[in-house]
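Student: Just dropping this structure here.
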Amino acid sequence: MNNLRRNTYYEILGSHPNEDPKSLELRYISEVQFFQKLWESGISEAKEKVLELTKAYETLSDPEKKAKYDSEMDFEFVLLDGKTKDPEMEEAYDIYRTTHNKSYKQILGEFSRFKNELSDTLWKLKQTSIYLVANLILYSLLVIVISILETSFPNQFVIYEKLRPFPNLLFLLFSFLGYQVFKFKYLFPELIKRKSLRQKQEEIT
């Protein structure tokens with residue numbers, strides 16, 4: 001297998017999937033005329049470029065051929081990251097495509113959803129970590145305050161010994177309740193906003 005990535009038909013024509021047919025036709029004519037002049041002037045390599053452009057245009061200008069091409073997306077040569085091919089990654093993609101019976105577009109969609117879900121999970125983990133660190137700081141302050149009180153009022157030491165478990169239990173209770181508020185009032189709404197923003201960006205692109 002060739003280790004170099006082959007250009008897609010869109011890249012050959014300098015086009016994109018949503019370009020209107022008239023614009024695509026004008027682009028094709030302009031490109032072909034340029035390379036035909038080179039061919040006529042004796043540059044034999046230009047003939048291959050003309051044939052390549054024509055093949056790409058014939059596919060993308062026909063709605064049925066274009067739909068079929070988009071569903072397969074030249075799977076043998078186009079990788080998810082669009083970089084130089086790695087033979088092992090090539091084989092993995094081919095096996096996945098064969099065993100799951102899915103098109104390039106479907107696999108790319110699944111990969112995109114996975115990245116988004118992973119991003120949301122990492123964001124949620126980061127926000128939760130910040131909340132836990134803040135709680136640890138508050139707990140440390142509570143311990144320091146109790147220690148100061150014990151030192152400042154040694155005569156009441158016995159009372160503090162008896163009451164010592166209660167501040168800890170109250171702190172744990174408030175920390176748990178605080179996290180529930182934090183989760184439902186901040187985490188979940190922000191996750192919904194992130195997903196909504198992504199959907200709007202996808203609609204634009």
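Student: Please give the number of the condition Glu76 fails out of (1) at pLDDT 75 or above; (2) open to solvent by 80 Å² or more (accessible area, probe 1.4 Å).
Tutor: For Glu76, the exception is condition (1).
Student: Continuing with the same structure: Can you find even one residue in segment 16-27 that is without any contact (Cβ under 8 Å) to a residue 24 or more places away in the chain and in contact with a Leu (Cβ under 9 Å, 6 or more places away or on another chain)?
Tutor: Yes: one or more hits.
Student: When you go through Leu138, Leu108, Leu142 one by one, which is the residue that is at pLDDT below 75, surrounded by 11 or more Cβ atoms within 10 Å (Cβ to Cβ) and in a helix (DSSP H, G or I)?
Tutor: Sole residue among the options that is at pLDDT below 75, surrounded by 11 or more Cβ atoms within 10 Å (Cβ to Cβ) and in a helix (DSSP H, G or I): Leu108.
Student: Right, here's the next one. Any chance you could count how many residues in segment 169-178 are at pLDDT below 90 and open to solvent by less than 100 Å² (accessible area, probe 1.4 Å)?
Tutor: Matching residues across segment 169-178 total 4.
Student: Go through (1) charged (D, E, K, R); (2) open to solvent by 100 Å² or more (accessible area, probe 1.4 Å); (3) modelled with pLDDT under 80 and name the single condition Arg164 misses.
Tutor: So Arg164 meets the others, but not (2).
The values are calculated or read from the model by the stated rules, or taken from the named source; none is laboratory data. Quick caveat: nothing in here was measured; it's all calculated off a predicted structure. Every residue, glycine as well, gets a Cβ built from its backbone with ideal geometry; the counts of neighbours run over all protein chains shown. With ligands, DNA and RNA removed, areas are computed over all heavy atoms of the protein, side chains included. Shrake-Rupley method; radii C 1.70, N 1.55, O 1.52, S 1.80 Å.
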